[in-house]
Amino acid sequence: MATLINELKVIGDVEDFERITAGITEYMQQQPGYVSHRMLRSLRRPGVFVEIAEWEKPEDHVRAVQSEGFRSRVQQLAGVIEKPTPDLYELIHESTAAHAA
């Protein structure tokens, strides 16, 4: 499993950002190896978003972002966000809350 974590700083219209990223997510859902996606918004900095996407393998994500379908959609973000900072991560440790009986 590979996890994409990408911080996005919106400098344009937030509604445009949400519309464009929804279209990108819809496209990515159709790509081989796609597992899930979440978009988080900072409570302290409302123009900052973090997307978290799960992929079966890192190669699946790389293949998807190199596709013309992805590139044509992501180009729409020019002028709406600052340069994003995406990276792929692997899970090292995970913890959940212990529930009292």
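The values are calculated or read from the model by the stated rules, or taken from the named source; none is laboratory data. All figures in this text were calculated on a predicted structure; none of them were measured in a lab. Because the Cβ atoms are built from the backbone with ideal geometry, glycine has one as well, and the counts that use them run over all protein chains shown. Keep in mind that these areas ignore ligands, DNA and RNA; they rest on the heavy atoms of the full protein, side chains included. Shrake-Rupley method; radii C 1.70, N 1.55, O 1.52, S 1.80 Å.
Here are the numbers for this structure:
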quantity: Value at 222 nm in deg cm²/dmol, rounded to 500, when DSSP H runs of n ≥ 4 in the chain each add -39,500 (n - 2.57); calculated: -9000 deg cm²/dmol
quantity: Full-extension gain in nm, residue 16 to residue 44, via 0.36 nm per residue minus C-alpha separation; calculated: 8.0 nm
quantity: Length-normalised contact order of the chain in % [C-alpha pairs under 8 Å, at least 6 apart]; calculated: 46
quantity: Label point distance in nm, residue 83-residue 36, each placed 7 Å from Cα along Cα→Cβ; calculated: 3.2
quantity: Prolate/oblate/rounded call for the chain, Cα gyration tensor, a/c under 1.5 rounded; calculated: oblate
quantity: For the chain, accessible area per residue (1.4 Å probe, heavy atoms of protein chains only), Å²; calculated: 70
quantity: J(HN,Hα) series, the range 34-45, from Karplus relation 6.51 cos²θ - 1.76 cosθ + 1.60, nearest Hz, glycine and proline x; calculated: 5, 10, 6, 8, 9, 10, 10, 10, 5, 6, 8, 10
quantity: Protein accessible area in the chain, 1.4 Å probe - carbon and sulfur %; calculated: 52
quantity: For peptides 16-27, 68-79, sequence by mean Cβ density within 10 Å, most packed first; calculated: 16-27, 68-79
